[in-house]
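Here's the structure, in structure tokens; my notes come after.
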Amino acid sequence: NIFPVITIDGPSGVGKGTLSRRLAKILGWNLLDSGVIYRVLALAALENKIDINREEKVAVLAEEIQISFINRKNNFFVSFNGKEIKKDIYTETIGNYASKIAVFSKVRKNLLTYQRTFCQCPGLVADGRDMGTVVFPNAELKIFLYASFEERERRRLHQLQKKNFGVNFKFLFSQIRERDVRDYNRQSAPLTPAIDSLILDSTHLSAEEVKSKVLMYIRESL
Ligand code: C5P
């Protein structure tokens with residue numbers, strides 16, 4: 001990589017998004033939330049009535065995708081092919097569709113070069129499942145963020161209770177668990193820590209504590 005890269009990988013609901021956004025802001029670096037790419041792709045497939053079980057068709061759509069993360073007043077907005085996305089892509093339903101198309105190796109291959117274009121001056125914080133293993137294997141610092149399933153469930157519940165009481169939690173958690181199993185066990189780029197990553201167990205840490213620890217790792221390694 002011409003510019004330095006920090007990768008943050010880990011399972012869903014572990015706090016990668018919060019951490020990577022905070023780091024990108026503090027460092028003034030670019031951000032790649034790669035989960036957003038899979039989510040937007042799933043949404044685009046649904047909106048274009050493309051069957052998400054058809055690898056070839058979704059792979060073609062993946063070749064055309066263009067997303068930007070716009071940092072406006074220190075909040076990151078997502079735009080797709082030049083238009084801002086107003087729909088909620090962070091629902092568990094979209095997350096589940098995203099993980100279904102994420103098993104296709106042709107889709108992943110077609111997204112590879114595109115994801116690497118995010119590595120621009122002065123540096124990049126990239127979060128996802130395979131940032132340290134596949135997309136940026138030469139990253140300067142690789143973090144694998146971990147938290148127990150129960151803790152991730154608790155955090156998700158807290159987050160949703162702030163937003164929406166009409167959620168069926170049992171169903172939601174079964175969907176997250178299903179997504180986890182799919183992400184850990186797929187053939188193509190399964191969720192696993194890169195051998196040269198630092199594994200950070202955040203089960204008993206606050207978001208603030210996680211951020212401080214990672215900032216310390218950054219100071220030591222860059
Ligand atoms: O991180 P997020 O929950 O937004 O990701 C949604 C889904 O996209 C994940 O469950 C995973 O299947 C897929 N994904 C992936 N590789 C990445 C990022 C996300 O396969 N680098």
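The values are calculated or read from the model by the stated rules, or taken from the named source; none is laboratory data. What you see is a predicted model; the values in this text were computed from it and never measured. Positions of Cβ are backbone-derived with ideal geometry, glycine not excepted, and every protein chain shown enters the neighbour counts.
Which members of region 173-188 meet the condition of being among the charged types (D, E, K, R) and in a helix (DSSP H, G or I)? If you could, list the steps in order and put the result at the bottom.
Residues of region 173-188 among the charged types (D, E, K, R): 177-180, 182-183, 186.
Those that are among the charged types (D, E, K, R) and in a helix (DSSP H, G or I): Arg177, Glu178, Arg179, Asp180, Arg182, Asp183.
Suppose we filter region 1-48 for residues that are within 23 Å of Arg155 (Cβ to Cβ) and in contact with a Cys (Cβ under 9 Å, 6 or more places away or on another chain); how many remain?
1
Being among the small types (Gly, Ala, Ser) and closer than 19 Å to Ser212 by Cβ is the filter; apply it to region 24-49 and report the residue that is farthest from the ligand (Cβ to nearest atom). Spell out the reasoning first.
Narrowing region 24-49 to residues among the small types (Gly, Ala, Ser): 24, 28, 34-35, 42, 44-45.
Cutting the leftovers down to closer than 19 Å to Ser212 by Cβ gives us 24, 28.
Working: Ala24: 15, Gly28: 23 Å.
Restricting to residues being among the small types (Gly, Ala, Ser) and closer than 19 Å to Ser212 by Cβ, the top hit is Gly28.
So Thr91 passes all but one of these: (1) within 11 Å of the ligand (Cβ to nearest atom); (2) at pLDDT 90 or above; (3) closer than 18 Å to Ala44 by Cβ. Which condition number does it fail?
With respect to (1) within 11 Å of the ligand (Cβ to nearest atom); (2) at pLDDT 90 or above; (3) closer than 18 Å to Ala44 by Cβ, Thr91 is out only on (2).
Which of (1) touching a Ser or Thr at 6+ places or on another chain (Cβ under 9 Å); (2) of a type in the set (S, T, N, Q); (3) in a helix (DSSP H, G or I) does Ser212 not meet, given it meets every other one?
Only one criterion in (1) touching a Ser or Thr at 6+ places or on another chain (Cβ under 9 Å); (2) of a type in the set (S, T, N, Q); (3) in a helix (DSSP H, G or I) is unmet by Ser212, namely (1).
So, in region 106-124, of the ones that are over 24 Å from Glu140 (Cα atoms) and more than 11 Å from the ligand (Cβ to nearest atom), which residue ends up surrounded by the most Cβ atoms within 10 Å (Cβ to Cβ)? Step through it out loud before you land on a result.
Of all residues in region 106-124, those over 24 Å from Glu140 (Cα atoms) come to 106-107, 110.
Now drop any that are not more than 11 Å from the ligand (Cβ to nearest atom), which leaves 106, 110.
Details: Lys106: 15, Asn110: 19.
Taking the candidates together, the pick is Asn110.
Just one of Leu205, Leu191, Leu172 is aliphatic (A, V, I, L, M), over 17 Å from the mean Cα position of the chain (by Cα) and within 16 Å of the ligand (Cβ to nearest atom); which is it?
On the way: Leu205 fails: within 16 Å of the ligand (Cβ to nearest atom); Leu191 fails: over 17 Å from the mean Cα position of the chain (by Cα).
Every option except Leu172 fails the conditions.
Going by the structure shown, is Ile2 within 15 Å of the ligand (Cβ to nearest atom) and in contact (Cβ under 8 Å) with a residue 12 or more places away in the chain?
Details: within 15 Å of the ligand (Cβ to nearest atom): no; in contact (Cβ under 8 Å) with a residue 12 or more places away in the chain: yes.
Against the criterion (within 15 Å of the ligand (Cβ to nearest atom) and in contact (Cβ under 8 Å) with a residue 12 or more places away in the chain), Ile2 does not qualify.
With a cut-off of at least 2 residues that are closer than 25 Å to Leu172 by Cβ, among the hydroxyl-bearing types (Ser, Thr, Tyr) and within 12 Å of the chain's Cα centre (by Cα), name the strands (runs of 3 or more DSSP E) lying wholly within region 6-117.
On the way: elements: 30-33, 67-72, 75-80.
The strands (runs of 3 or more DSSP E) meeting that bar number zero.
From the list Arg156, Arg152, Arg129, exactly one residue is under 18 Å from Glu209 (Cα atoms) and within 16 Å of the ligand (Cβ to nearest atom). Which is it? Full working, then the answer.
Numbers: Arg156 fails: under 18 Å from Glu209 (Cα atoms); Arg129 fails: under 18 Å from Glu209 (Cα atoms).
Going through Arg156, Arg152, Arg129 in turn, just one is under 18 Å from Glu209 (Cα atoms) and within 16 Å of the ligand (Cβ to nearest atom): Arg152.
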